[in-house]
Each structure stands twice: as structure tokens, then as C-alpha cells.
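Peer 1: Input: one structure, supplied below.
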Amino acid sequence: VSDVRINPSILSADFVNMERDLQRIGAADFVHVDVMDNNFVPNLTFGSQMTKRVQETSPVPLDVHLMINDCDRWAPTYAELGVASVTFHAEATADPVATARRVREIGARAGIALRPGTPAEFLYDILGEFDQILVMTVEPGFGGQAFQPQTMPKLSALAAHARAVESDVWLQVDGGINADTIAIAAENGADTFVAGSAVFGAADPDAAIIMLRELGET
Ligand code: DX5
Ligand code: ZN
């Protein structure tokens, strides 16, 4: 079993052919679901009703990424859908520990996400409250942006800290991950890779997932 996880983002899927596109990514580890509120980020996608139908339809478990301001209210609602993980943003939450605990109590993995400019040090003391940390490698809001290499020192520092305290937290990257950039993120400690355009822009999404997984193995 590989420790490298590839999570295609359905932000790059065809929204009116979602069931068909979910069938094209059977090789994925998790399906990444980008929830945006046109408030925390300048874009609007879908909410809990759509996520519920994707959860009921997808053969692969869901990894929900909340890019919404009111995440402390909504994170438990998404966890209750039976998804594998719910990740909310550090810049949006008023109480990351309380929200993570509520998500875990419901039975989902709890994740916290950092915009490119948000430092990670505040997480060092509360690392045990989370199952995964999402280091954004673009400004959240849109697919198809270029990977920002200046986020790599934060990722490698987090990875070093996690190793030092023998944490098994997953380190996820999201934004601009493709065949050219995935190895850089892997070398800096990422083990979980979100990819939107690199998967759904490929002629064979499953083949793209398998190729990315091989390139992500350091
Ligand atoms: C961006 C989203 C990403 C996006 C990634 O705000 O969080 O998940 O879908 O898309 P690509 O892989 O095309 O950068
Ligand atoms: Zn995302």
C-alpha cells in the first residue's frame, strides 16, 4: 500500500456530468470537494446538498475542502454526510480546536488549511488535534493556477516538526500540482496531493492519477 494519496478535485470536473466524471477517477484515493462561498474566496461552487449527492454517488470517499467564512458552523454538517475528511481554513475559524474536535466526534478526519501567506507555527502546539494539514500552493478560489514554490519552506518545516514529534498527520498540498511540480512538493514532505486540471484535463484521468502517484513517491 502506497503512502502517497492522489485526490482529484471535482472543481475541474464537468458539473453537469458529475456522475460520469466520478466514474473516470476510480484510481483516486479520495475525491476532493471544493466548497466556496464567494466570501472567503471570490468564487462560488456548491454546498452541502451537492456534496451529499456526490457522497452518495462516488465509489471513492470524499475529502471536503471548505473555503467558507462560516466554517465553525458548517464543518460538522459536512462531517455528518459521512465524508472521510473535512478541512477548514485557519484564516476563517474562530476556534480551530473546537471545530476539529466536533468533526472528529462525528467520525470524519479533521483538517486545517493555510493560505500561501499564513504561517504554520501556531499549529505546532495543536498538531494532535488534526488528522491532516493542507498547505495551499496557490491562493484558494480557482483551479488551473500556477504552483507557488515559495510555500515549500513552510511545508518542509511542518514536515520536520511532525517527524520530530512522531505525528502521523497527513501533509496535503493543493494548487498547481501536476507532473512537473508534484515531486517538488513530495521532496518537501507532502504525502497527499490534490490535482484538478492535471487529472480532469487529461485524456485518461485514471492514467493521470496513476502517473502522479508514481511521481509523488520520493
Ligand atoms: C483551489 C482549489 C483546488 C483546485 C486545484 O482553490 O482548492 O482544489 O481545484 O486545481 P488545480 O489542480 O487545477 O490547481
Ligand atoms: Zn481544494
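Only the coordinates and a few stated rules stand behind these numbers; no lab work does. It should be emphasised that the depicted structure is a prediction, and the values quoted were computed from it without experimental measurement. With ideal geometry, Cβ positions are generated from the backbone for all residues, glycine too; neighbour counts draw on all protein chains shown.
Peer 1: What is the calculated FRET efficiency for ALA146 to GLU91, with r their C-beta to C-beta distance and R₀ = 30 Å, to the nearest 0.05? Please list the in-between numbers first.
Peer 2: Values: r = 21 Å, r/R0 = 0.71.
Efficiency, from the Cβ-Cβ distance: 0.90.
Peer 1: If you don't mind, there's one more thing I want to ask. For the range 20-76 and the range 161-218, what is the separation of their C-alpha centers, rounded to whole Å?
Peer 2: That distance is 19 Å.
Peer 1: Could you tell me the convex hull volume per residue, in Å³, taken over the Cα atoms of the chain?
Peer 2: 109
Peer 1: Enumerate the calculated ³J(HN,Hα) couplings along the range 147-152 in order (Karplus 6.51 cos²θ - 1.76 cosθ + 1.60, θ = phi - 60°), each rounded to whole Hz, writing x wherever the residue is Gly or Pro.
Peer 2: 3, 9, x, 5, 7, 5
Peer 1: Let me ask you something else. When the dipole is taken about the Cα centre of the chain, and only Lys, Arg (+1) and Asp, Glu (-1) are charged at their Cβ, what size is it in debye, to the nearest 20?
Peer 2: Working: 14 positive and 30 negative charges, 51 e Å.
Here the size comes out at about 240 debye.
Peer 1: Run the helix sum for the chain: -39,500 (n - 2.57) per DSSP H stretch of 4+ residues, divided by residue count, reported at 222 nm to the nearest 500 deg cm²/dmol.
Peer 2: Estimated from H runs of four or more residues: -9000 deg cm²/dmol.
Peer 1: Starting from the Cα gyration tensor of the range 1-47, take the square roots of the eigenvalues, sort them a ≥ b ≥ c, and report rounded, prolate or oblate (rounded when a/c is under 1.5, otherwise prolate if a/b is larger than b/c, else oblate).
Peer 2: Cα axes put the range 1-47 in the oblate bin.
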